[in-house]
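Reviewing the structure listed below.
The values are calculated or read from the model by the stated rules, or taken from the named source; none is laboratory data. Bear in mind that the values here come from a model prediction, so they are computed numbers and not experimental data. Cβ: placed from backbone, ideal geometry, glycine included. Neighbour counts: every protein chain shown. Each accessible area value is taken on the protein alone, full model and side chains, heavy atoms only, with ligands, DNA and RNA left out. Shrake-Rupley method; radii C 1.70, N 1.55, O 1.52, S 1.80 Å.
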Amino acid sequence: MTKRVQRTTVATNKEKFESRKLPMMPVREMVIFPYMMTPFVVGRESSVRALEEALGADRKIFLATQHDASVDEPKPNEIFQVGTIANIVQSVKLPDGNIKVLVEGIERGKILQLVDEDGFFVATVRTARYNVEPSAPIEAAMQRVTSLFEQYVKLCQALNYETMIAAVKMEDPAKLTDVIGANLQLAIEEKQELLEIFDPVERLSRIGDVLDLEIEKLNMDRNIQSRVKRQMERAQKEYYLNEKIKAIQKELGRGEKSEWDDLKKKIDGAGMPKEVHDKAIQELKKLEAMPPMSAESTVSRNYLDWLLAVPWKKRSKEIRSIDRAEKVLNEDHYGLEKIKERILEFLAVRQLVKNPKGSILCFVGPPGVGKTSLGMSIAKATGRKFVRMSLGGVRDEAEIRGHRRTYIGALPGQVIQMMKKAGTKNPVMMLDEVDKMSMDFRGDPSAALLEVLDPEQNFMFVDHYLDVEYDLSQVFFIATANVLHTIPPALQDRMEVLRLHGYTEPEKVEIAKQFLVRKQREATGLSEKNLTFTDEGITEIIRHYTREAGVRNLEREIGNVCRKVARRVVKEKNVNLVLTAENAGEFLGVTKFRDSLAHEKSEIGLVTGLAWTEIGGSILSTEVSVVEGKGKPILTGKLGDVMQESAQAAMTYVRSRATRLGLQRDFYRNLDVHIHVPEGAIPKDGPSAGITMATGIASALTRIPVRRDIAMTGEITLRGKVLPIGGLKEKLLAAHRAGIFEAVIPKDNEKDMADLPENLRNAMKLHLVENMDQVLKIALESPLPEIKEEAPAGLLPGTQGEQPAARQ
């Protein structure tokens, strides 16, 4: 064999470089350090050839780690560039053809060139020998590293303490770091990083940092192991004691199954249907066979507890006296006659029918009108338990039906939880804010409610957790909502919708006198002697400190007054105050709302419309101005799409009636019509402002003022027909509050007048109209000129264009 060892030496001040050519062998899953004795088996053909080449020369071989241990024949770029020159101490050929060798690392080196010769790698390797002068900092660093390594060896169970401590007793920092690096339990990449540091001083610092980190990891592992051990010991102790208790009870003759017997008695006495009873007994048998400390036994026990907690036969004794119910409802609520009638009808049916199905009502109305408290009154009047389930923001179907038992921490849905809370199978269950549910990837809770609220299905409601049929048919469900359009039609179809409209001002005064003032006086510890409210004082609060359809803010303001009076009582003792319209500002500060009153005078293009909102009705002024332009309509006031289309329909109607209004046929070519609906920051939409905008446009073009003392609402068609609208009661209440006692409404809304309070019907003069000609005749201060209308060019007399599509 040819001897392949060539040397080149270069000296510097700090280090001495030397290059040499050696046979090279890639090794797997290990990093060879200088001064390290390591045995391993050589099996690859190329590695055997490199080994034989080294044995035939000076027994020196270069060992470097390959990147991926799974590669059998690594390429030069798949081998780390820094490795160790090693001396082959011993080699033994094994029966299977492999060679077992023992090598000793001599020094680290870096591959300058790696070539394949005769089927094995030959590497040109550069080595660097550092001459480290002894100094105080280096000695201190060596002591620190030695001390840290001692701690590491104590914590690491894989290393022999005496052997390792003896091995690191040396004065050469280079040798110390290599011996420690070779014995650290590190990943291949981390060991390779240490091998690639040639400078002993730098390597000493890096070894110290690595030891610090490894000691911290070992301490953490030890803490975790000790904690786990303690927990296991505690579990074993509990198991041992439980078994001992069972043995003692058996010796005393108390039996082993007292707990299971108790559960079986409870199951037998729960009044479960046969299928549910059989399933509970089956679950109990499974529980008996399970180890008491297992996770499955906890799940089974929780399931049995829920089956036993739900009422299967217990019922509240129902009070069916109509007179008592009427008395309770009148004591708790003022007005709401239609709602009270419906509840009394329900109770009358209960007296005549032995087993009627549960009713499902839906109270729809603005906030603060008493929907939730009305449900509580129904429970009180019928002698049933009352439970409330809030659905606002619920977006997970499992909130209604529950989770299956396979999930960790699974629970029944809110319906079953409320039944457990009620403790009876015939409670009044309020589904609050049913219009504020939403849906996402977890399912649609409103779809799950379809089964709950369907009298034909809810007698066999299945909760995912209980996984048995449960009868909800005797529950009196009451849903509440502020609006209907966000409730799915299928869900609406299952409920009887009862609308609670906003209260009139006289109704609010009566509610405050009969309920709110007394409630707030009691809450603040005042007596009637300390504070009384006059009707005028309450009216002042309603008009200038609240703006709502209900009475929630009214109660809040009355509470503010009571708290301020309570403070005076504490300070001055004898206090006797009367709240009037004049002194309300002393307690409540400056007014929060100004009255939306009728306009001071009749003006051209200024019309008072009526609008419906979720908190009641309001008046809506509409302004129309005509300016020179190119016939372009201008719409401002944050109007929605439907309202913009109504404005276009109104404009087209006026253009079609130009002759009747005394206008030139092409008046619109040189004029821009600007329609503005204050207040500009509030979004507005809907078709009911159609006749309002048409009246404003007609007034602005004819220069005839609109009456200030009249309000109007109605949808308009291109032919000038006036179509019906919704929210009539709230709109007329708003007009009444604003001091307007005359209104124009569609004739088709005549049927809704039966719902108006009697005092409102008596106070308002209502004009029922069918077309815009009637509206203009009533609303404009001066009559239109009597001009015979001509048909537009190209149309037959008596036609106004194509017949519009039927209203959906």
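Take every pair of alpha-carbon atoms less than 8 Å apart whose residues are at least six positions apart; their mean separation over the length of segment 252-343 yields a relative contact order of 26 percent.
By the Kirkwood approach, averaging reciprocal distances over each pair of separate Cα atoms, segment 118-214 gets a hydrodynamic radius of 14.5 Å. Which is farthest toward the positive dipole end of the chain among 757, 526, 409, measuring Cα position about the Cα centre, with Cβ charges +1 (Lys, Arg) and -1 (Asp, Glu)? Highest projection toward the positive end goes to 526.
Here segment 652-767 is treated as a Stokes sphere of Kirkwood radius computed over C-alpha pairs; at 4 °C and 1.567 mPa s its diffusion coefficient rounds to 82 µm²/s.
Ligands, DNA and RNA left out, the 1.4 Å accessible surface of the chain is 50% carbon and sulfur atoms.
Put a dot 7 Å past the Cα of residue 592, heading toward its Cβ, do the same for residue 57, and the two dots end up 9.5 nm apart. Packing around the peptides 497-505, 706-714, 317-325, taken as the average count of other Cβ atoms within 10 Å per residue, puts them in this order, highest first: 706-714, 497-505, 317-325. If the chain linking residue 100 and residue 229 were pulled fully straight, counting 0.36 nm for each residue of separation and taking away their Cα-Cα distance, it would gain 42.3 nm. With the cut-off at 13 Å, report for segment 454-525 the share of all Cα pairs above it, as a whole percent. Within segment 454-525, distances greater than 13 Å cover 78 percent of Cα pairs.
Here the chain carries DSSP beta bridges of which approximately 65% are antiparallel, counting only pairs with both residues inside. Computed over segment 334-479, the quotient of the alpha carbon radius of gyration and 2.2 N^0.38 Å is 1.07.
Calculated on the Cα set of the chain, radius of gyration then Dmax: 46.0, 130 Å.
A DSSP coil position with no more than 15 other Cβ atoms inside 10 Å describes none of the chymotrypsin sites (Phe, Trp or Tyr not before Pro) in segment 40-112. Using Cα positions and a limit of under 26 Å, work out the lysines in reach of residue 571, with same-chain residues fewer than 8 apart set aside. Straight-line reach from residue 571, under 26 Å: 519, 529.
Projected onto its three principal axes, the C-alpha set of segment 208-346 covers 86, 57, 27 Å, listed from the longest axis down. Looking at the square roots a ≥ b ≥ c of the eigenvalues of the Cα gyration tensor of segment 141-295, which shape do they give, rounded for a/c under 1.5, prolate if a/b is larger than b/c, or oblate? Judged from the Cα gyration tensor, segment 141-295 comes out prolate (a/c at least 1.5, a/b above b/c).
The GluC sites (Glu not before Pro) found in segment 24-89 that occupy coil by DSSP, while having at most 14 further C-beta atoms within 10 Å, are 29.
Across segment 720-789, the convex hull enclosing all Cα atoms gives 90 Å³ per residue. Here the label points at residue 160 and residue 556, each 7 Å from Cα along the C-beta direction, are separated by 8.1 nm in the simple model.
Computed over the chain, relative contact order equals 7 percent, with contacts defined as Cα pairs under 8 Å that lie 6+ residues apart. Packing, taken as the mean count of other beta carbons within 10 Å per residue, orders the peptides 770-776, 368-374 from highest to lowest as 368-374, 770-776. Rg/Rh, computed from the Cα trace of segment 105-161 with Rh as the Kirkwood radius, has the value 1.23. Globularity index of segment 491-578 is 1.33 (Cα radius of gyration / 2.2 N^0.38 Å, N = number of residues). Legend: P(r) of segment 313-402 from all alpha carbon pair distances, 10 Å bins from 0, whole percents, reading 14, 43, 30, 13, 0. Only helices enter the 222 nm calculation for the chain: every DSSP H run of n ≥ 4 contributes -39,500 (n - 2.57), and dividing by all residues gives -12500 deg cm²/dmol, rounded to 500. The trypsin sites (Lys or Arg not before Pro) of segment 59-95 meeting both criteria, a DSSP state outside H, G, I, E and B (loop) and at most 15 other C-beta atoms within 10 angstrom of the site's C-beta, are 59.
Rolling a 1.4 angstrom probe over the protein heavy atoms with all chains in place gives segment 218-326 an accessible area of 73 Å² per residue.
Placing a label point 7 Å from the Cα of residue 759 along the Cα-to-Cβ direction, the residues of segment 478-516 whose backbone N falls under 12 Å from that point are 503-513.
The listed peptides 114-126, 508-520, ordered by packing as a protection proxy, come out as 508-520, 114-126 (highest mean of other Cβ atoms within 10 Å first). In the full protein context, segment 502-615 carries 54 Å² of accessible surface per residue, based on a 1.4 Å probe and ignoring ligands, DNA and RNA. Across the alpha-carbon set of segment 417-545, the Rg to Rh ratio works out to 1.14, Rh being the Kirkwood radius.
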